[in-house]
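The structure appears below as structure tokens.
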Amino acid sequence: RTLKLPRLTSSTAMVLFQRFYAVHSFADHDRFEVTVACMLLAAKTEESPKKLTTVIQECHRLKSMSARRSGGSLGEGVNDDGTLDMNSKEFIRLKERTLLLERVILHTIGFELSIDHPHKFLPEQAAKLITSKKIEFIKPPSNQEIHIQMRNGLVQKAISFANDSMQTCLCLQYPATKIAAATIYMSGQANKMRPTNNRTWLDILDHDLDIESLASIVKQIL
């Protein structure tokens, strides 16, 4: 948030972080340093680039704020606002380490930078269910613009669940389309919607979503 990065960039950074530590150990690579490198690489990937110095300083400021709250030491070379003195040894070390880790991350993920997120597929999946009349409100509202209300409610809540999914390792287990379909199901339940014509949610959700996968995704998000 302090870097003013789009949600897409933050989500990509989270996926890069998960993919990196699916291969490497926390004992071998400092999580803070990897986070800085993931943020830098994600910003470049999603065409919202930030200067290396800016990313380091903002991330370190947040780290310092957390240390202050827990009563920990800020270490040497830290300014009053939590940023690093750019002439300090720690800043120079962190800068070099971030550039190195950026290359390590790229090699770890096989230079695969085309990353899809569940959010991308939500509007299309919701629109398909609504226009084909595959879902309905359990208790229809009196509002005349019921389709607009249904679409907005379905997508907005699904986006919230998709955001929550980024806090898990679901991106390592399922394709984004399946996660999106599961969040549509969760949103439908939250908005008190149901499939029409006595069908089940598995009947109307695309992308070969089976009951085991649906239950696993829902459980991890909740």
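The values are calculated or read from the model by the stated rules, or taken from the named source; none is laboratory data. The structure presented is a predicted model; accordingly, all values stated were derived computationally and were not measured. Counting neighbours? That spans all protein chains shown, and the Cβs are built from the backbone with ideal geometry, glycine included. Side chains included, ligands, DNA and RNA excluded: accessible areas come from the protein's heavy atoms. Shrake-Rupley method; radii C 1.70, N 1.55, O 1.52, S 1.80 Å.
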Modelled label reach - ASN87, point 7 Å along Cα→Cβ, the range 48-64 residues with backbone N closer than 13 Å: none
Rounded percent of accessible protein surface that carbon and sulfur make up, the range 1-65, 1.4 Å probe: 53 percent
Probe 1.4 Å - accessible area at PHE161, Å² to nearest ten: 30 Å²
Nearest 10 degrees, 0 to 90: helix 89-108 Cα axis against the chain principal axis: 40 degrees
Mean accessible surface per residue for the range 120-209, computed with a 1.4 Å probe while every protein chain stays in place, in Å²: 55 Å²
Heavy-atom accessible area ranking, 1.4 Å probe, most first, across THR177, THR200: THR200, THR177
Rounded accessible area of ASP80 (nearest 10 Å², 1.4 Å probe): 150 Å²
Accessible solvent surface per residue of the range 18-82, calculated while the other protein chains remain in place, 1.4 angstrom probe, Å²: 57 Å²
Å³ per residue enclosed by the Cα convex hull of the range 165-222: 75 Å³
Whole-Hz ³J(HN,Hα) from phi, Karplus 6.51 cos²θ - 1.76 cosθ + 1.60, for the range 66-71, glycine and proline x: 5, 5, 5, 5, 8, x
Translational D in µm²/s for the range 8-77 (Stokes-Einstein at 25 °C, 0.890 mPa s, Kirkwood Rh from C-alpha pairs): 188 µm²/s
Portion, in percent, of the accessible area of the range 92-141 that falls on carbon or sulfur, probe 1.4 Å: 58 percent
Förster radius 35 Å - calculated FRET efficiency between LEU222 and GLU124, Cβ distance, rounded to 0.05: 0.90
At R0 = 25 Å, FRET efficiency that the Cβ-Cβ distance of SER70 and ASP28 yields, to 0.05: 0.55
Within the chain: Cβ-based charge dipole about Cα centre, in debye rounded to nearest 20 (Lys, Arg +1; Asp, Glu -1): 560 debye
Between 0 and 90°, nearest 10: helix 31-45 axis offset from the chain longest Cα axis: 60 degrees
Extension reserve of the CYS169-SER132 stretch, reckoned as 0.36 nm per residue once the Cα distance is removed: 10.1 nm
Pairs of Cα atoms farther than 23 Å apart, the chain, %: 56 percent
Placed amide H near LEU84: partners under 5 Å, 5+ positions off or other chain: ASN79
